[in-house]
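A quick write-up on the structure given underneath.
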Amino acid sequence: MQKIHAAITAVGGYVPDYVMTNAELETIVDTTDEWIQSRTGIKERHILKGEGLGTSDMGAEAVNLLLKKRGISAMDIDLIICATTTPDMQFPATANVISDKVGAKNAFGFDVNAACSGFIYALNTGAQFIETGKYKKVIVVGGDKMSSIVNYEDRTTCIIFGDGAGAVLLEPNNEGTGIIDSILRSDGSGRVHLHQKAGGSVKPASMETVMNKEHYIYQEGQPVFKFAVKNMADVSAEIMERNQLTGDDVAWLVPHQANKRIISATADRMGLPESKVMINIERYGNTTNGTLPLCLWEWESRLHKGDNIILAAFGGGFTWGATYIKWAYDTK
Ligand SMILES: CC(C)(COP(=O)(O)OP(=O)(O)OC[C@H]1O[C@@H](n2cnc3c(N)ncnc32)[C@H](O)[C@@H]1OP(=O)(O)O)[C@@H](O)C(=O)NCCC(=O)NCCS
């Protein structure tokens, strides 16, 4: 009997309406459009504006779109996993808030926090629930309202991040398509280079932490860059090697969108031309957990059943990983 694979069977995405261009950032910090584009590849990013709106609102939009496309009801969903670094609140889990907002009353849910690798971790977590045969419909959401933790006085970070969310539906498949293989890694010693200093149990929020701007992203750009270039490329090459895939066999690379230069280094290492790489960083910036599902959402109509697709990510922690998917459907 064929092994049960977890296959992506529908994709949804959402980016907020407001577009923050590099020109707008020029009016806020000492930077230029030319610097931002040449160092990162980013031209603009979307920002979620409006009182009381958070990651769950974007996630719920993506899930509703996905349900509509697949023609199923929210009541059919068994589980929602949300990968996010900017949960609506410390607790409860944003997945539970999304379940409530979309009416997934039969689903249980939880969050995964692995910074920018969260979506890949959550996708593989969701796949396990399908592969056991116990669950039939699992939604994995990746989304972040990065603007809620970006310091718009820090030109080294505020240029990079944007807001957005995507979602995929996982269902059992016994035709040999779906999630085939994954390599997931982490190294907690890397936390010194990329983290949020306050608001957790080590340093709870206080007047002092707010005054010191310790609730924003702290990032040492260069060590993160070096780490990302090496590890995202290594793990992508490794997953190709152990599945006997050459550059010709791979239809698409879906890379985390943190910096265009990191994406290019990974594609080069895999022997892939840019035409086989999903890149939307110029319009969205780094939406953290949103990057991979937003790429799948945008490229969905160009994907074909049987396409070999490699997802690759890295992020704070450090965390990194790659997943090999044989795409399961043609879009009608
Ligand atoms: C952040 C990042 C874009 C900075 O690019 P970089 O080429 O490494 O730039 P550097 O940090 O070496 O800075 C070079 C110069 O540009 C300046 N600079 C930094 N940000 C700037 C900005 N927005 N506009 C203009 N100048 C800027 C620096 O102050 C520095 O000036 P100096 O030489 O006078 O000191 C890059 O390091 C990066 O992408 N790192 C990885 C970040 C990442 O992927 N994060 C997400 C993890 S999931």
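Descriptive notes on the structure:
- Mean separation of Cα contacts under 8 Å (6+ apart) over length of the chain, as relative contact order %: 25 percent
- For segment 8-154, the alpha-carbon radius of gyration amounts to 1.17 times the rule-of-thumb value 2.2 N^0.38 Å expected for a compact globular protein.
- Radius ratio Rg over Rh of segment 219-324, counting only Cα atoms, Kirkwood formula for Rh: 0.94
- Given +1 at the Cβ of Lys and Arg, -1 at the Cβ of Asp and Glu and no other charges, the dipole of segment 3-64 around its Cα centre is 480 debye to the nearest 20.
- For the chain, the antiparallel share of DSSP beta bridges with both residues in that region comes to about 70%.
- Against the compact-protein benchmark of 2.2 N^0.38 Å, the Cα-based radius of gyration of segment 141-191 scales to 1.77.
- Projected label distance in nm at His195 and Asn151, using a 7 Å step from Cα toward the beta-carbon: 1.5 nm
- A Förster distance of 25 Å, applied to the separation of the beta-carbon atoms of Asp187 and Gln222, puts the FRET efficiency at 0.90.
- Direction-averaged projected area, Cα convex hull, the chain: 16.5 nm², rounded to one decimal.
- Taking each residue as 0.36 nm, the span from Asn174 to Glu274 lengthens on full extension beyond its C-alpha to C-alpha distance by 32.8 nm.
- D (Stokes-Einstein, µm²/s), Kirkwood Cα radius, segment 14-97, 0.890 mPa s at 25 °C: 159 µm²/s
- A Förster distance of 41 Å, applied to the separation of the beta-carbon atoms of Met211 and Asp234, puts the FRET efficiency at 0.50.
All of the numbers you see were taken from the coordinates with simple rules; none came from a lab. Remember, predicted model here, so these are calculated numbers, not experimental data. Note that each Cβ is placed from the backbone with ideal geometry, even for glycine, and that neighbours are counted across all protein chains shown.
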